[in-house]
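Student: First, the structure itself, so that you have it in front of you.
All of the numbers you see were taken from the coordinates with simple rules; none came from a lab. Just so you know, these numbers come straight off a predicted model, no measurement behind them.
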Amino acid sequence: MLTPEIRAAREKLVLDHFHDEVRQDWDDVLSTFPHPHYELIPIMTVHDGDRDVRAYYHDTRVAFPDQDHEIIALRHSDDAVICEFYLLGTHLGPFGAIPATGSTFKVRMFFSDAPSPHGVDRGPGQIRGYAGARRRILVTDDDPVHLTMVRDILAPLGFELTLADNGDACLAAYREARPDLVMLDISMRGRDGWETARALRAEHGDDPVILMVSANVHDFQRSRREDDPHDDYLTKPFEIDALLERIATLLTIEWTRGGAA
């Protein structure tokens, strides 16, 4: 059970981590992790281990010495703290072969301590998996951070996941994997979520169970027709408990939980 004391301690750990990064106290920053490991998904780069991650911090702070964070929201669940924030800074030094430009940036980011596929020690009463046959979920989003976050939440629970980063890839993946559930982001480049959902319905009828996801709640307030292609929706940033509740309802599954300590 997530008590107020545990919630406060987790939130303090996340906020201290951000504060230590701004102070550039790398010993305290790296003490947050059992094993330092950074994956920069957009550029397909991995920094693994203390030395490699310290080198990453050094290089980025040479380029962006004033790098800072502006917290937008913190979301809690039994298994995770998800932080939405702006990453801020000025390009004042060389970044690899790129010389300093003096330009400023403000990028919206997500950080999650959701359980990884390597496993975590969940306490009594927390969800460990589900009963019955293994279920397949197709997750479609053109934001690699969201794809990774959803994968890290659902993979440890025993779901077989397929990831797609655009509507056309979703349609192709559905034909091959025949998933039990499709999670489909609305705002994507090219074929958007609504168009992709309607294409799934046109090709496969009522078979796809479709969970639409959007950061804009008005996407769903404007869409209340009987011919809407989705079965349910979720606004993001979402709490993990809300995601799991939707999945359990749509797939009619029963969660299995940890026993008493």
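Student: Please list, in chain and number order, the residues 5+ apart from residue 128 or on another chain whose amide H is under 5 Å from its amide H, with Hs placed from the backbone.
Tutor: 256, 257, 258
Student: Please provide three numbers in whole Å: the alpha-carbon extents of region 4-112 along the principal axes, with the largest listed first.
Tutor: Largest first, region 4-112 extends 47, 28, 26 Å along its Cα principal axes.
Student: Across region 80-85, in residue order, what do the Karplus-derived ³J(HN,Hα) couplings come to in whole Hz, using 6.51 cos²θ - 1.76 cosθ + 1.60 with θ = phi - 60° and x for Gly and Pro?
Tutor: Karplus-based 3J(HN,Hα) across region 80-85 equals 7, 10, 10, 10, 9, 8 Hz.
Student: So which residue, out of 130, 86, 57, gets the largest mean-square fluctuation from a GNM of the chain using Cα contacts under 10 Å as springs?
Tutor: So, out of 130, 86, 57, the one fluctuating most is 57.
Student: Another one. Roughly how many Å is it from the Cα centre of region 126-159 to that of region 15-72, as a whole number?
Tutor: Value for the Cα centre distance between the two parts: 26 Å.
Student: Figure the gain on full extension for residue 191 and residue 107 (residue separation times 0.36 nm, minus the Cα-Cα span) and round it to one decimal in nm.
Tutor: Extra length available between residue 191 and residue 107 comes to 27.8 nm.
Student: In deg cm²/dmol and to the nearest 500, what is the mean residue ellipticity at 222 nm of the chain if only DSSP H runs of at least 4 residues count, each as -39500 (n - 2.57), divided by the residue total?
Tutor: So the calculated ellipticity at 222 nm is -10500 deg cm²/dmol.
Student: Once you compute Rg and the Kirkwood Rh from C-alpha atoms, what is the Rg to Rh ratio for the chain?
Tutor: Radius of gyration relative to Kirkwood radius: 0.99.
Student: How compact and how long is region 127-257, expressed as Rg and Dmax of its alpha-carbon atoms in Å?
Tutor: Cα only, region 127-257: 13.8, 40 Å (Rg, Dmax).
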